[in-house]
Each structure stands twice: as C-alpha cells, then as structure tokens.
Amino acid sequence: MVFNTGAALLDAIVLAVVSKEEEGTYGYKITQDVRKAIDVSESTLYPVLRRLQKDGCLIVYDRECGGRNRRYYKITRPGLEKLEDYRNEWEDYSSKISALFSGKEFGV
C-alpha cells in the first residue's frame, strides 16, 4: 500500500474488528482480520491493542484454549463510542477524498 496508516486509523480498524465479536476476540485473529484491509504486522498491532486497553476502549481477559491461555480483547462502552466517532469522521473524510479523486465538487 502506498498510503501510510496513522495511529488513529489503526485504532479505528482494530476497534471495528474487535466490535464484531460480542465476547471479544484474540490477538492472532485480530491480526488476520485487520490484514484483510491493510498490510500490518503483529508487532505493529500489539502496541495498538495495549494503547486501546490503557485508554479504556478495550478490556483484556485470558481464556484457556488447548491447554494454554489465550488473551482476548473485548470492546467497552467507551470503545464503542470512540468507534462511532471514528465512523462518523471516516464518512466525512473518505467522501471528500473520493470527490477529489473523481474530480467532483464537494462542500467543506
């Protein structure tokens, strides 16, 4: 991808992925789901997950799986509110960029 992915966009993508699973989801699955949209490494995503947890957007819990603990991430109410903010901002931003690329006029 030729466009850089900033921290806010990564946060938004991760929150969107985690929000799909009511009981939460684990790190490797989050990485795989995010990679469907953008090329990103696990080493990039884990700091994002920690930051979102620190900011109160995600809670973390462990669940046993095959004799080992697996770390799960679940979106919180503040995380859902932040995701809604990101969705609204994205709608506005992406429509303006799409208009520019297509040569159409748009309001500011």
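Here is how the numbers come out for the structure above:
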{"quantity": "Filtered residue count, region 23-61, keeping only those that are small (Gly, Ala, Ser) and either under 21 Å from residue 85 (Cβ atoms) or surrounded by 13 or more Cβ atoms within 10 Å (Cβ to Cβ) (or both)", "calculated": "4"}
{"quantity": "Subset of region 30-73 (residues that are assigned to a loop (DSSP other than H, G, I, E, B) and hydrophobic (A, V, I, L, M, F, W, C))", "calculated": "37, 38, 40, 57"}
{"quantity": "Selection within region 74-95 - of a type outside the set (A, V, I, L, M) and not in a helix (DSSP H, G or I)", "calculated": "74, 76"}
{"quantity": "Residue match in region 12-22 (condition: more than 20 Å from residue 90 (Cα to Cα) and surrounded by 12 or more Cβ atoms within 10 Å (Cβ to Cβ))", "calculated": "yes"}
{"quantity": "Qualifying residue in region 64-77 (condition: closer than 17 Å to residue 6 by Cβ, at pLDDT 90 or above and exposed (fewer than 15 other Cβ atoms within 10 Å of the Cβ))", "calculated": "no"}
{"quantity": "Matching residues, region 96-108, being loosely packed, with under 12 Cβ neighbours inside 10 Å, of a type outside the set (A, V, I, L, M, F, W, C) and in a helix (DSSP H, G or I)", "calculated": "98, 102"}
{"quantity": "Inter-residue pairs, beta-carbon under 8 Å, first free of Cβ contacts under 8 Å to residues at least 60 places away in the same chain and in region 86-99, second among the aromatic types (Phe, Trp, Tyr) and outside any helix (DSSP H, G or I), 6+ apart", "calculated": "95/106; 96/106; 99/106"}
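The values are calculated or read from the model by the stated rules, or taken from the named source; none is laboratory data. Since we're looking at a predicted model, the values are computed, not measured. We place every Cβ from the backbone using ideal geometry, glycine too, and count neighbours over all the protein chains shown.
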